[in-house]
Amino acid sequence: MSRVIFLTDHRQAPGIAPAPAYLPLPGEPLLDTRGRPLRDLRISVTDRCNFRCTYCMPRDVFDKNHEFLPHRDLLTFEEIAAAARVFVAMGVRKIRLTGGEPLLRRNIETLVGLLAELRTPEGHKPELTLTTNGSLLARKAQALKAAGLDRVTVSLDALEPGVFARMSDSDFDVARVLEGIEAAAAAGLTPVKINMVVRKGINDDQIVPMARHFRGSGHILRFIEYMDVGSTNGWNMAEVVPSADVVARLSAIWPLHTVLDEDMGRVAERWAYADGAGEVGVISSVTQAFCGGCTRARLSPEGRLFLCLFATQGHDLRAVIRGGGDETRLANALAGIWQGRGDNYSEHRSQADPDAAVSSEHKIEMSYIGG
Ligand code: SAM
Ligand code: SF4
Ligand code: SF4
């Protein structure tokens, strides 16, 4: 049953979200136009990064002339936490901090601490995770865990130093990332997930060495199809290694069987090693659209809400947050925005000619909104 709330209509005011049709009662899901609940929130805390991964922040675009967001435009930790409180009240059960490189945001553990105080309407702490390139993780892992972080995902595209350097376009030592992974595991941020973006002809020779390295470690390696996100990486379908090929390559060496997972919103297909050495995952963002189960909202560093990784427009929540008033205003804005959501970009891409999917020049960048 829904409770009807009468609201002032702000739709004509610039930057203000549409009024909601209704506000769900506590415990009742907030649904978009395709019946998808709001369950996951990704919060990008910075658009800066100390890597220049060629598929994400190509150095010729993100060079010394690139204008990053000024610090005053970023949401403060208190503003992020206040917004997250409303998201959790509206159904979010999992929060992921991302970026850019989230560990570059000074005192990020303070934000983790604020988010760790949130409770769902049922009284549970939402799951708190963070995605990082691992370069600063060894020194931060303990503090993050102590502040209330549950898990981390570390991005690592190669073990071989030359390939790692080419993918990340940085001179960081891959050993530092591996140290970060072990420090995270030692701190209890487990299971540690490791994300490897695969590009044909560039790092696909690392699929088997990466699997060999992480088999039996307790960490979960996941292979991600290279996506046409943003408009700077020169994405090309020919560079995508379909997940089915990755699974075929691995299972030719180590037999695998599928692990069933009914969880709506989970994007990775899980595979277990038949010999009990743990599991791997594949994320088939290009070859198998999962928009039907997409329950994610994304908050940008300066408080714009994006409903899809491939969106071109965000909704200005910072104006609502900084505009004063109580949390009801933000809840109304959020409900109106989510109820109007119909995004399903990847389904269009897989139905059409995949090469045609790169057409938009204004898609948001992954380094701005996070993965
Ligand atoms: N800097 C952090 C990191 O690299 O983990 C967090 C932000 S990064 C944008 C989040 C994730 O997006 C990473 O796992 C990265 O590999 C992935 N990513 C970036 N660009 C991508 C692309 N074009 N296709 C697939 N994954 C991508
Ligand atoms: Fe930085 Fe992460 Fe993008 Fe690499 S993928 S450039 S580490 S934000
Ligand atoms: Fe979700 Fe958009 Fe990706 Fe579809 S394309 S799964 S709607 S983020």
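The values are calculated or read from the model by the stated rules, or taken from the named source; none is laboratory data. Since we're looking at a predicted model, the values are computed, not measured. In this analysis, Cβ positions are derived from the backbone assuming ideal geometry, glycine residues included, and neighbour counts consider all displayed protein chains.
Brief remarks on what is shown
- Condition check for residue 42 on (1) surrounded by fewer than 23 Cβ atoms within 10 Å (Cβ to Cβ); (2) more than 23 Å from residue 181 (Cα to Cα); (3) among the basic types (Lys, Arg): one failure, at (2).
Here is a yes/no grid of residues against (1) surrounded by fewer than 19 Cβ atoms within 10 Å (Cβ to Cβ); (2) modelled with pLDDT of 90 or more; (3) in contact with a Phe, Trp or Tyr (Cβ under 7 Å, 6 or more places away or on another chain):
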residue: 312; (1), (2), (3): yes, no, no
residue: 319; (1), (2), (3): yes, yes, no
residue: 325; (1), (2), (3): yes, no, no
residue: 330; (1), (2), (3): no, yes, no
residue: 347; (1), (2), (3): yes, no, no
residue: 353; (1), (2), (3): yes, no, no
residue: 356; (1), (2), (3): yes, no, no
residue: 363; (1), (2), (3): no, no, yes
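- Residues located in segment 140-155, provided they are without any contact (Cβ under 8 Å) to a residue 40 or more places away in the chain, within 14 Å of residue 185 (Cα to Cα) and assigned to a loop (DSSP other than H, G, I, E, B): 150
- Here residue 199 qualifies as touching a helix residue (DSSP H, G or I) at 6+ places or on another chain (Cβ under 6 Å), farther than 20 Å from residue 42 by Cβ, at pLDDT 95 or above and not small (Gly, Ala, Ser).
- Within segment 318-346, residues that are touching a residue at least 60 places away in the same chain (Cβ under 8 Å) and closer than 18 Å to residue 78 by Cβ have Cβ atoms under 7 Å from residues that are acidic (Asp, Glu) and surrounded by fewer than 22 Cβ atoms within 10 Å (Cβ to Cβ) in these pairs: 318/302; 321/79, counting only partners at least 6 apart in sequence or on another chain.
- In segment 37-54, the qualifying residues are those that are among the aliphatic types (A, V, I, L, M) and touching a Ser or Thr at 6+ places or on another chain (Cβ under 9 Å), and the one that is farthest from ligand 1 (Cβ to nearest atom) is 38.
- Within segment 89-107, tally of residues that are surrounded by fewer than 21 Cβ atoms within 10 Å (Cβ to Cβ) and more than 15 Å from ligand 1 (Cβ to nearest atom): 5
- Where a residue in segment 20-33 is in contact (Cβ under 8 Å) with a residue 24 or more places away in the chain and its partner, wherever it lies, is in a loop (DSSP other than H, G, I, E, B) and surrounded by fewer than 13 Cβ atoms within 10 Å (Cβ to Cβ), with Cβ under 6 Å and at least six apart: 22/2; 22/4; 33/342
- Residue in segment 162-171 that is modelled with pLDDT under 95, away from ligand 3 (no atom under 16 Å from the Cβ) and under 17 Å from residue 102 (Cβ atoms) present: yes
- Condition met for residue 108 (farther than 21 Å from residue 330 by Cα and away from ligand 3 (no atom under 16 Å from the Cβ)): yes
- Extreme residue, surrounded by the most Cβ atoms within 10 Å (Cβ to Cβ), among residues of segment 108-139 that are part of a strand (DSSP E or B) and within 16 Å of ligand 1 (Cβ to nearest atom): 130
- Of residues in segment 270-291 being among the aliphatic types (A, V, I, L, M) and touching an Asp or Glu at 6+ places or on another chain (Cβ under 6 Å), the one modelled with the lowest pLDDT: 289
- The listed residues are 258, 287, and the only one of them that is buried (at least 16 other Cβ atoms within 10 Å of the Cβ), out of contact with any Leu (no Cβ under 7 Å at 6 or more places or on another chain), farther than 29 Å from residue 86 by Cα and among the polar types (S, T, N, Q) turns out to be 287.
- Residue match in segment 70-84 (condition: within 16 Å of ligand 3 (Cβ to nearest atom), in a loop (DSSP other than H, G, I, E, B) and either under 28 Å from residue 292 (Cα atoms) or not acidic (Asp, Glu) (or both)): no
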